[in-house]
Structures are given as structure tokens and as C-alpha cells.
Amino acid sequence: MDVFEAIKWRRSVRKFSPQKIEKEKILQILEAGRLAPSSSNRQAWHFIVVDDENLIKQIPKKVVIGTKSIVSWIKDAPLVIVGCYTKAVTHFVAGFYGHENHLIDISIAMTHIVLEATELGIGTCYIGWFNEKHLKKILKIPDRYRIAMLVVMGYPAEPSTPEGIGGIEPRPRKNLKEIVSYNEWGKSLPY
């Protein structure tokens, strides 16, 4: 599967098989995140790999914001990667450039992680609603770091790639003409 195919077929997976993700694949997924570009090459991120079943079970109970019945599936995931970023460098950059790039940088890195996982046949789901204070306490994250997101992952219990889906079309998306302007707002692409 190439990058475009991974983008096209990636879906949020919320039902995982009990199969553990191999260490080699976890390292490959993390390497994809490590290689992500960042503002001024700061690489102001840190990834926490959580595979401890007791820690994972605490996430839907104490950390994720939402109805417990909606997020209870997280407890069955074999792996969670927590994407953190440091505040100190980004505040300096924000003062110089007028905006903070930390969320852009960590989002790019986490997207690299998700796309590499997809290429390896591993299902993922981004989690953006969580109680940062509780999660930082559980994972002993230093104060100078913030948590941007969690990515829950594991082998899908049900097929989620074109080979396994059996002809299901990619998720519906808006047409390019609805989301792209050419040279100025509202001017259509000439091609």
C-alpha cells in the first residue's frame, strides 16, 4: 500500500482483535513519527507508547471525555500512543512569528504515525477529548509538556482495508471545487 492508498482507505477503528502489535512494527510506526517535519526542525514532541493493559483500561474510565458507553471500546485496544509537545520552545517561536506551531508539528507527526500504521494493516482512532490533568498524572508526564492527542491502535477485528472490505467505497468527501480556491477566495481551479 502506498501513501495515497493509506490516506484513501484509512478509517477510525474501534473494534480490535486481541493480537498484539509486533515490536518491530511499533518501532517502524514510531520512526515514521520521528521523521516528521517540524517548525525550525525543533522536534518538540515526545511519544508515550502505552501497552500496559491496566493503564489502557484507565483511559476510558478516567481520562476520555464522553459517555462511558461510547468510549468503553478503548479498554480493548492493545496499544495507545500519546502525542505530547513541549511548551517552552513554542512560546518563544510564537513571540517571534506571531503564532504557535506546536499543534501543527505534533499533528503532522501523529498523522505520520497513523498512516504508517495503516500501511502495516493496523487500525487506528484519534482521540482528542480527554482529561489532560488525569492522563498526565497516570503517565507521569512532566509539567512542561502538554498532550495533543491519543491514537488508539491495534489489528482490526473486522476488515478495514480495500482487500478486506470487499469493494466498499472510500468515505464520502467533499468535491475539490467545494474546498479549494485558486489565487483568491471563491475563484475556481482552472484545471
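FYI, it's all coordinate maths here, none of it is from the lab. Source: prediction; values computed, not measured. Because the Cβ atoms are built from the backbone with ideal geometry, glycine has one as well, and the counts that use them run over all protein chains shown.
Take every Cα pair under 8 Å in the range 3-160 that's 6+ residues apart, average their separations, divide by the length, and report that relative contact order as a whole percent. Could the numbers behind the result be given before it?
Working: 274 pairs, mean separation 60.4, N = 158.
Reported relative contact order: 38 percent.
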message: Straight-line reach only, C-alpha to C-alpha below 18 angstrom: list the aspartates and glutamates that LYS25 could link to, leaving out same-chain residues fewer than 8 apart.
response: ASP2, ASP51, ASP52, GLU116, GLU119
Separation of the GLU5 and ASN41 label points, Cα + 7 Å toward Cβ, nm: 3.3 nm
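Roughly how big is the range 16-74's charge dipole about its Cα centre, with Cβ charges of +1 (Lys, Arg) and -1 (Asp, Glu), in debye to the nearest 20? Present the calculation step by step, with values, prior to reporting the outcome.
Details: 9 positive and 6 negative charges, 52 e Å.
Computed about the Cα centre, the dipole is about 260 debye.
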- request: Any chance you could tell me what percent of the C-alpha pair distances in the chain go past 21 Å?
  value: 57 percent
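In what order do ARG10, ARG173, ARG146 fall by count of nearby beta-carbon atoms within 10 Å, going from fewest to most?
Starting with the residue having the fewest Cβ neighbours, the order is ARG173, ARG146, ARG10.
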- prompt: Short version: ³J(HN,Hα) in whole Hz for each residue of the range 14-20, in order, from phi by Karplus 6.51 cos²θ - 1.76 cosθ + 1.60 (θ = phi - 60°), x for Gly and Pro, what are they?
  reply: 10, 10, 10, 6, x, 4, 6
task: Output the pairs from LYS15/LYS136; LYS8/LYS57; LYS15/LYS177; LYS20/LYS174; LYS15/LYS62; LYS61/LYS140 with a Cα-Cα distance over 29 Å in this structure; if there are none, say none.
output: LYS8/LYS57; LYS15/LYS177; LYS20/LYS174
field: Within the chain, helix-based [θ] at 222 nm, where runs of 4 or more DSSP H residues each add -39,500 (n - 2.57), nearest 500
entry: -10500 deg cm²/dmol
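Suppose R0 equals 30 Å; then what is the FRET efficiency for ASN54 and LYS133 from their Cβ-Cβ distance, rounded to the nearest 0.05? Spell out each step's value before the answer.
Values: r = 19 Å, r/R0 = 0.65.
Working from the Cβ atoms, E equals 0.95.
For HIS112, HIS46, HIS102, what ranking results if the residue with the fewest other Cβ atoms within 10 Å of its Cβ goes first?
Values: HIS112 20, HIS46 15, HIS102 23.
Starting with the residue having the fewest Cβ neighbours, the order is HIS46, HIS112, HIS102.
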